[in-house]
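Undergrad: The structure that follows is given in the form of structure tokens.
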Amino acid sequence: MSPTQWDFPVELCCRPMAFVTLTGLDVVYNAVHRAVWDAFCANRRADRVPISFKVLPGDHEYPKCRPKRTSYEWYIPKGILKTGWMNKHLNLVPALVVVFYELDWDEPQWKEKQSECATRVEIVRQSLQGRNTKVAVVLIQKKTPLPPGEDVIASERAAALCNACELSGKSLFVLPHTDHLVGYIIRLENAFYEHAQTYYYTEIRRVKSHKEFLNKTTHQLLFVRHQFKIAFFSELKQDTQNALKNYRTAYNLVHELRAHETNILEIKTMAGFINYKICRLCFQHNTPLDAIAQFRKHIDLCKKKIGSAELAFEHAAWMSKQFQAFGDLFDEAIKLGLTAIQTQNPGFYYQQAAYYAQERKQVAKALCNHEASVTYPNPDPLETQAGVLDFYGQRSWRQGILSFDLSDPEKEKVGILAIQLKERSVVHSEVIITLLSNAVAQFKKYKCPRMKSHLMVQMGEEYYYAKDYTKALKLLDYVMCDYRSEGWWTLLTSILTTALKCSYLMAQLKDYITYSLELLGRASTLKDDQKSRIEKNLINVLMNESPDPEPDCDILAVKTAQKLWADRISLAGSNVFTIGVQDFVPFVQCKAKFHFHAPSFHVDVPVQFDVYLKADCPHPIRFSKLCISFNNQEYNQFCVIEEASKASDVLENLTQGKMCLVPGKTRKFLFKFVAKTEDVGKKIEITSVDLVLGSEAGRCVVLNWQGGGGDAASAQEALQASRSFKRRPRLPDSEVHWDGIVIQASTMIISRVPNVSVHLRHDPPALTNEMYCLVVTVQSHEKTLIRDVKLTLEKTLYVRCGTVGSRMFLVYVSYLINTTIEGKEIVCKCHKDETVTIETVFPFDVAVKFVSTKFEHLERVYADIPFLLMTDLLSASPWALTIVSSELQLAPSMTPMDQLESQVDRGENVAHSPSLAEGEAEWSVNTGERRTSAMDSIPVISTVITLPHVIVENIPLHVNADLPSFGRVRESLPVRYHLQNKTDLVQDVEISVEPSDAFMFSGLKQIRLRILPGTEQEMLYNFYPLMAGYQQLPSLNINLLRFPNFTNQLLRRFIPTSIFVKSRQMDEYILFHVQFSHSVVSKSLRPHGLQHARLPCITKTQNLHELMSIKSVLPSNHQILYPPLLLLPSILPSIRVFS
């Protein structure tokens, strides 16, 4: 049998579509007909109806219709499904035949044309020979037809044409050849689709009618056949739900058939066909779980139906095809939008298909192992008269024979022999590789790296069996990296063994040596005798001799390989092979580390490091050379160990020589060199370690470790060793634990240790903008002469920090000195640095308060209205500060009430004259200070303190009072109120004075007056005090008609509301009390670590004399200038007291 027998028929795998034939079109010579045909075929989008069109001549002979059977009583079926049935209904028997004819309604020769058209329709009917195929006529017209009912001639002639052709009105169509041809064609397709569905519906009813005559005793095959036909016609009708239902019924009927060795292949074939249809429709209906469940059920039912034991490989081939077909369906559904997951994707089905293909290969190898004298039978029992089988799944030498007894055993034997000999010619590896490749692509797509690697190994092995050693080696080499990194040593050994065979059979020297080195190493799980054989072959290759053949290799391939090896030996070529071992696990391990894990070496100390080597091969081995390479190649010459030997000495005289490695023993090699002064501050790195095996006389292998050693397994082994709690055995002092050696491939060269001292002297913290003093002292303690530096250096530095925060200062001292290392004199540049961190702080902290002339707190101030600015300065320095000067700086929008000058002497704190703001108020205080302990040559620090902003508002009327500082009982007290209009409008003012129990007064008690813009009105009252003490003045009430928001509460901020009235007997007592307080406070002035300063701003009504009077009373060492109100009644006569 042909190996393509297991492929599903094309008509089974394609999507069934209604078959419609078009006659009467000359697509070769007629341009109009060609345009019509192109419109049917071109741009078949998914939204167009599923119809398959075909152009045929009008007299085409369609397949003959078999006579209808009236009874199935004596009918015995010969098989389930004929091989040509599906193709017949897909491509041969149309559901509709369309006759195209060019005929306009106004054709002059209408009668003749009508008769010709009727004749063509009759010819088509005769060729269909009694089938139920529908016939339709399409008239190709040059003009666009009128709407129905408007063209009477067209209606009459259409009816006449239908009568002549024996057609219904629904089967006659008009196709105008205009610019909108495609639109008309799409409308025609929809009409054709309706006719085709009617045809398939009729066919389904016809098949169902046959089931009434069947019985389950002799017509079991017909039940399956008819059910399959109904389902297939339903698919053609695009009724997929009924199609799926009938396919499921047919599948159950197939498995109800009695299975025997003679018909088992036919049953499995039909079961596979129907299962394919069911799964395809499930995917089409977007129910993938139903498809998967159906396929699993199908496999469970059929996997044990093997059939003839002599043809068991056929069952494996059939199973492989089932999995492959389902994988194809799954993949096609994914491309159409189905979402797969990592654990359920087509890769698993391709993998299982490959597994059954491998099983087929093994079974065929056992069953088809005939001797060379056995020839293929003649005549060929697999050939048929028609070239194809009549029924799917039947044997060619006994078609239509359903008996379970073999009538001709000899013929059966010959047929089986022919199948076996055909199977022997099948290239199984090619089939397996194709399936594995599909599976690998799927697992790569769904990110399953281990499954991908596993299947790639199988692909490599199949390439090896197929004798395609190049591809096998490429795949295996790709997969080895994954198995090395994950530590699958048993699997890696198996892969390496196959790769070694491939490299031997191709006589690839470098690959053969590389795989031999790894198979001898610790990662290999081979036995010692196998390793010994590989080691012997490796030595033979190094001695320029041919290695012994690898076991289990094909005999013919070995002979070819021996010739290739002989050619390799005879050809003169490169005898040095450099192999980088960082990507595999060789039989020699290497670790390099600098002494004591030193992160750096001083330039006057020799650089020392050790190289540790350990062999894992079964026998001791001798190397010829060990050399170390650095990033500075000038050091390479000092790190070479070489021992002259012949290639034949690699395994001889092993007790002698310094380059001999004993398996399991760690060998240490010490290297030492002097670093160059130019490399001070640079890193010295070991770039590579080269270990040479063999000699240049034969072949030489250079094992190259990048960096300080380590191979593909070193990182994993180091991690395991760090996590292990196993106690290491005690070793002699000359030996070390290999796991305890840590690779250190780099070190720094640093300058010689300086023998000088550097001292820094200063007084922290520093103040902002201060000239901070830093004294640096450098002293040498060297025993020999040094250059480019003085023995003792002392220097005073001043630094200035403009902002607060921490700053680090570095003092760097360098010099040159001659020294001798390992008998070599060098010039060393030494340096020492000392760092100091200085904290910079602001000299003062500031607190500001805005008060009225009555010392009431203000949230906002008013333009042209005096107010007081009271400022507290808090010294933040731990050192005593001397304030040299202070100054209040005003913004241009502000006006001072008095001259701004310092109100303190040298060494005291600050007070300033008052100021007046107009607009948004901005100001700052500028102080000049320095440390009290500083020398006079140190500049004074100028500190600018920015004071906060305050909101300034306009007031329509300003009122101030002019009255004495105090009154006496029963003496007249004149009071003048000044009212000033601050607006550009005439103000109507209502003024009233409320009486008080403590005063009698004369003047206008209630008045209404008008004040012009910018003018001032004066109101004079005489108050006569009646009682002593603090007394409430008569209340002045003002009402502005234009500004109702101007309240008396706001007015009381500007004018006094009370005054102190005294009797005549208190004058002498008050004067004495004030003089005594002043003398006591003056003597208490002392410097403090933290001092306060309060800066008041006073109103226009106060003069400089009054402010000085306040100062003379307050204790100046506290630097607080409070209003006289806080000094109780003990005040001077010139002090005005407000409340």
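The values are calculated or read from the model by the stated rules, or taken from the named source; none is laboratory data. What you see is a predicted model, and the numbers here were worked out from it, not measured in a lab. When we count neighbours, we look across all protein chains shown, and the Cβ atoms used for this are built from the backbone with ideal geometry, even at glycine. All accessible areas refer to the heavy atoms of the entire protein, side chains included, with ligands and DNA or RNA removed. Shrake-Rupley method; radii C 1.70, N 1.55, O 1.52, S 1.80 Å.
Undergrad: For region 812-837, which positions are open to solvent by 40 Å² or more (accessible area, probe 1.4 Å) and within 21 Å of residue 799 (Cβ to Cβ)?
TA: Correct list: 812, 832, 833, 834, 835, 837.
Yes/no matrix, rows are residues, columns are (1) open to solvent by 80 Å² or more (accessible area, probe 1.4 Å); (2) more than 26 Å from residue 275 (Cα to Cα); (3) not in a loop (DSSP other than H, G, I, E, B):
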residue	(1), (2), (3)
339	yes, no, no
397	no, yes, yes
411	yes, yes, yes
415	no, yes, yes
418	no, yes, yes
438	no, no, yes
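Undergrad: Can you name every one of the strands (runs of 3 or more DSSP E) wholly within region 556-618 that holds 3 or more residues which are of a type outside the set (Phe, Trp, Tyr) and more than 40 Å from the chain's Cα centre (by Cα)?
TA: Strands (runs of 3 or more DSSP E) meeting the threshold: 607-615.
Undergrad: With the checklist (1) in contact with a His (Cβ under 8 Å, 6 or more places away or on another chain); (2) crowded, with 16+ Cβ neighbours inside 10 Å in hand, flag the one item residue 532 doesn't pass.
TA: (2)
Undergrad: Now for a separate question. Counting just the residues of region 323-337 that are in a helix (DSSP H, G or I) and out of contact with any helix residue (DSSP H, G or I) (no Cβ under 6 Å at 6 or more places or on another chain), which one comes out least open to solvent (accessible area, probe 1.4 Å)?
TA: That would be 334.
Undergrad: When only residues in region 559-589 that are open to solvent by less than 20 Å² (accessible area, probe 1.4 Å) and out of contact with any Gly (no Cβ under 6 Å at 6 or more places or on another chain) count, which is nearest to residue 509 (Cα to Cα)? Full working, then the answer.
TA: Filtering region 559-589 down to residues open to solvent by less than 20 Å² (accessible area, probe 1.4 Å) leaves 561, 565, 579, 581, 584-589.
After this cut, where a residue has to be out of contact with any Gly (no Cβ under 6 Å at 6 or more places or on another chain) as well, the list is 561, 565, 579, 581, 584, 588-589.
Values: 561: 12, 565: 9, 579: 12, 581: 16, 584: 17, 588: 20, 589: 22 Å.
Per the stated criteria, the residue is 565.
Undergrad: Quick check on my filter: what residues within region 511-526 are of a type in the set (Asp, Glu) and either modelled with pLDDT under 90 or assigned to a loop (DSSP other than H, G, I, E, B) (or both)?
TA: Scanning region 511-526 gives no hits.
Undergrad: Of all residues being within 30 Å of residue 412 (Cα to Cα) and charged (D, E, K, R) in region 279-322, which is least open to solvent (accessible area, probe 1.4 Å)? Just the residue, please.
TA: My answer is 314.
Undergrad: What number of residues in region 157-181 are surrounded by 14 or more Cβ atoms within 10 Å (Cβ to Cβ), part of a helix (DSSP H, G or I) and out of contact with any Gly (no Cβ under 8 Å at 6 or more places or on another chain)?
TA: Result for region 157-181: 6.
Undergrad: With the requirement that a residue be assigned to a loop (DSSP other than H, G, I, E, B) and modelled with pLDDT of 90 or more, what does region 133-156 give you?
TA: 133
Undergrad: Any idea which residue in region 93-114 is farthest from residue 162 (Cα to Cα), counting only those that are open to solvent by 70 Å² or more (accessible area, probe 1.4 Å) and part of a helix (DSSP H, G or I)?
TA: Here the answer is 112.
Undergrad: Tally time: how many residues in region 851-869 are outside any loop (DSSP other than H, G, I, E, B) and touching a Pro at 6+ places or on another chain (Cβ under 9 Å)?
TA: 3
Undergrad: Among the residues of region 461-488, write down those that are at pLDDT 90 or above, within 14 Å of residue 584 (Cα to Cα) and either open to solvent by less than 20 Å² (accessible area, probe 1.4 Å) or over 33 Å from the mean Cα position of the chain (by Cα) (or both).
TA: 476, 479, 480, listed by residue number.
Undergrad: Also, I was wondering about something else. What's the total number of residues in region 28-45 that are within 18 Å of residue 196 (Cβ to Cβ) and either open to solvent by 40 Å² or more (accessible area, probe 1.4 Å) or not hydrophobic (A, V, I, L, M, F, W, C) (or both)?
TA: Here the count works out to 2.
Undergrad: Cβ contacts < 7 Å: first residue touching a residue at least 24 places away in the same chain (Cβ under 8 Å), restricted to region 416-436; second residue surrounded by fewer than 18 Cβ atoms within 10 Å (Cβ to Cβ) and among the acidic types (Asp, Glu), any location; separation 6+ or different chain. Result?
TA: Final answer for the pair search is 416/310; 418/380.
Undergrad: For region 195-234, which positions are in contact (Cβ under 8 Å) with a residue 12 or more places away in the chain and β-branched (Val, Ile, Thr)?
TA: Listed by number, the residues that qualify are 198, 202, 204, 207, 218, 224, 230.
Undergrad: Let me spell it out: the conditions are (1) open to solvent by less than 40 Å² (accessible area, probe 1.4 Å); (2) in contact with a Ser or Thr (Cβ under 9 Å, 6 or more places away or on another chain); (3) farther than 30 Å from residue 125 by Cα, and residue 221 meets all of them except one. Which number is the exception?
TA: Condition (2) is where residue 221 drops out.
Undergrad: Can you tell me which residues in region 60-82 are at pLDDT below 75, surrounded by 11 or more Cβ atoms within 10 Å (Cβ to Cβ) and within 11 Å of residue 130 (Cα to Cα)?
TA: Selection gives nothing.
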